[in-house]
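Everything below concerns the one structure shown next.
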Amino acid sequence: MTTALPRSRDDKLTLAEICKDLKISRSTFYDWRAKGRAPRCIKLPNGDLRIRRSDYEHWLDDREDCA
């Protein structure tokens with residue numbers, strides 16, 4: 001069962017929303033990001049990260065093909 005994430009492909013998701021949807025910790029996400037395994041991120045001037053919904057969906061699709 002997936003959580004309710006914003007519906008528009010142009011929406012930007014927060015790191016908390018991504019971690020909640022994937023059921024992972026922030027540290028796991030940062031580990032994946034350091035290893036180049038996380039979805040593409042947008043780094044805001046305040047240091048917060050956002051992920052475009054379309055990039056997240058594409059990243060999920062790529063993981064499914066590898067399984």
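The values are calculated or read from the model by the stated rules, or taken from the named source; none is laboratory data. For clarity, every value in this text was computed on a predicted model and none was experimentally measured. FYI the Cβ positions are ideal-geometry reconstructions off the backbone, even for glycines, and counts take in every protein chain you see. Remember, those area values only see protein heavy atoms, side chains included, never the ligands or the DNA or RNA. Shrake-Rupley method; radii C 1.70, N 1.55, O 1.52, S 1.80 Å.
When Leu5 is tested against (1) hydrophobic (A, V, I, L, M, F, W, C); (2) modelled with pLDDT under 95; (3) surrounded by fewer than 12 Cβ atoms within 10 Å (Cβ to Cβ), exactly one condition is not met: (3).
Within the stretch 36-67, being more than 16 Å from Asp10 (Cβ to Cβ), part of a strand (DSSP E or B) and open to solvent by less than 70 Å² (accessible area, probe 1.4 Å) holds for one residue alone: Leu49.
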